Amino acid sequence: MFKLITYFKSRSKKLGVRCYQNHLPTGHATRSASSSDVRRSRFGFVGCDIGDHNMWRPRPRQLHINRFPSSKADSKASLERGEWVATEGPTLRWGIAPVSLMADDFAAALSVLPEQHHRIVSCVAAYQSHALAFAERHQVENVYTSFEDLAKCPNVDVVYISPLNPQHSELCHLMLNHDKHVLCEKPLCMTEEQVTKLLEKARARGLFLMEGMWPRCVPAYHYLRHQILRNRLGEIQQVHCTLGLPVSQGRLGLYGGVTNDFGVYGMQLALWVFREVPRCLKVSGRVNSEHVDVAADIELCFTRGKRAIIEVSSEKKLDNQAVIQGKDGSIKMNNYWCPTRLITEEVDYEFPLPGGDQMPPTHYHNRLGMCYEAEEVRNCIQKGSMESNDFSHNESLLLANLMDTIHAELGVGEFANRSDVSDLQRQIENVQDIVKDPEELASETCRVVEDVSMGGSLEINQQVEKDQVKGH
């Protein structure tokens, strides 16, 4: 009896299991257990105390059932008996440039969406055998060995671009020149100047362009936004992110260094949380003999003493997690570039990937989450939008500016021989694009994700977001 009493006194005080029905990515979440929490918003977030060791112990879980609503109330994709129900609107016809492991996972992500929403109609690879193999796996009609031929294909509405990082700018310009909408894997370009020119072209031609920061589109990120706007964490004080695994220096050089490949994920999360332009940037790190950054410690300073600390390394494995700390609580995210769980002091919030028992296999961890990004692209194009609010043009421009500043401070690439860098936030020199081996298919970031365990203001629509939360 004494042991039983001791057990009940010492057991965790976390809440019991509760089931959520989640209408994200637009952020609508309904809890059947509590009417006070039945509020809906377009955006989302979550909290807990990092100092409490109980936070890391096994705990009850809340299950979110993910859905795909569009921006129109009368045009909503829903999940019935485990299957997606198609919505109104034309099918978005995709071109894949080029065939790659990432493109293979993107095609798998499209397969969990209604066939009436998305269809791959064209693909390109330098070797015809690669393109034909991809076409056979995903029932693609048109196969090319020339990027220009795919750009001229009249059946393509939007192109998914995923070659080596230095090729992004050139391919985006090619597709925009042929009036194709573009979804390009990060980074959009290698420098701020290149990003500026690309955005100007997309706006001038009235075309949709989005940097593929797909974590912004997943339900976990939107729920995180929702919780922050509801002040569940209190005022946010700090974001701490780590991402590191050993990477061959040769491969790392192909992708522009560790800050380009790993650091962007922590910086985009900080911008998602704080929703403001950093007041200052501090960075230290190591650069190899080829002037490629191999490790970096980045600190972004915001108003009211808020800050983001981002540690990245290609030399050793780090914790590979993010912690968002507020005055009243915090939240932990493992695999914060593709999260399916938010860990708080009270409970774990889980966001299962779509597909269920019929979930198609992917090369890299949680890549089915790109289906949310694809659906966001479709919704934006249907509305006639040229950018997504999930990751806007201004944020792409700001992120490129921050990357240029970091590279200049560390002496990366062409910045290596500069002895004087004046006003880094405003005057950053252009880094020449060097196109490497076009047959390199997989991104180093994808490999890392697989290996890890299983100029404008950013204050866009902030008041609207808060009003929407209050209105629900």
In segment 374-381, is there at least one residue being over 27 Å from PRO90 (Cβ atoms) and open to solvent by less than 10 Å² (accessible area, probe 1.4 Å)?
no
Return yes when VAL121 is out of contact with any helix residue (DSSP H, G or I) (no Cβ under 9 Å at 6 or more places or on another chain) and of a type in the set (A, V, I, L, M) and no when it is not.
yes
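Matching residues to (1) modelled with pLDDT of 95 or more; (2) at negative phi; (3) out of contact with any His (no Cβ under 9 Å at 6 or more places or on another chain); (4) open to solvent by 10 Å² or more (accessible area, probe 1.4 Å):
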| position | (1), (2), (3), (4) |
| --- | --- |
| GLU115 | no, yes, yes, yes |
| HIS118 | yes, yes, yes, yes |
| ALA125 | yes, yes, yes, no |
| GLU148 | yes, yes, no, yes |
| CYS153 | yes, yes, no, no |
Name every residue in segment 247-262 that is open to solvent by 10 Å² or more (accessible area, probe 1.4 Å) and part of a helix (DSSP H, G or I), in order of residue number.
GLN249, GLY250, ARG251, GLY253, LEU254
Please verify whether GLY384 is surrounded by 19 or more Cβ atoms within 10 Å (Cβ to Cβ) and at pLDDT 90 or above, treating the condition exactly as stated.
no
In segment 288-310, what residues are buried (at least 17 other Cβ atoms within 10 Å of the Cβ) and acidic (Asp, Glu)?
ASP293
So TYR144 fits all but one of (1) open to solvent by 10 Å² or more (accessible area, probe 1.4 Å); (2) more than 29 Å from PRO361 (Cβ to Cβ); what number is the exception?
(2)
Subset of segment 271-303 that is of a type in the set (D, E, K, R) and assigned to a loop (DSSP other than H, G, I, E, B) - its residue that is farthest from GLU395 (Cα to Cα):
GLU290
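Yes/no per residue for (1) open to solvent by 10 Å² or more (accessible area, probe 1.4 Å); (2) part of a strand (DSSP E or B); (3) closer than 24 Å to MET267 by Cβ:
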residue: LEU176; (1), (2), (3): no, no, no
residue: ASP179; (1), (2), (3): yes, no, no
residue: LEU183; (1), (2), (3): no, yes, yes
residue: VAL195; (1), (2), (3): no, no, yes
residue: LYS201; (1), (2), (3): yes, no, no
Members of segment 222-246 found to be open to solvent by 30 Å² or more (accessible area, probe 1.4 Å) and in a strand (DSSP E or B), listed by number
GLN237, GLN238, HIS240
The condition from (1) under 20 Å from GLU375 (Cβ atoms); (2) in a loop (DSSP other than H, G, I, E, B) that ALA126 misses is numbered (1)
In this structure, is PRO354 in contact with a Cys (Cβ under 8 Å, 6 or more places away or on another chain) and at negative phi?
yes
From (1) in a strand (DSSP E or B); (2) more than 23 Å from GLU185 (Cβ to Cβ), pick out the condition that doesn't hold for ASP328.
(1)
Output yes when any residue across segment 293-300 is touching a Lys or Arg at 6+ places or on another chain (Cβ under 7 Å), within 21 Å of ALA220 (Cα to Cα) and in the same structural domain as GLY244 (by the TED database), and no when none is.
no
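The values are calculated or read from the model by the stated rules, or taken from the named source; none is laboratory data. Quick caveat, the model's predicted, so the values are computed rather than measured. FYI the Cβ positions are ideal-geometry reconstructions off the backbone, even for glycines, and counts take in every protein chain you see. Note: accessible area is taken over every heavy atom of the protein model, side chains too, but ligands, DNA and RNA are not part of it. Shrake-Rupley method; radii C 1.70, N 1.55, O 1.52, S 1.80 Å.
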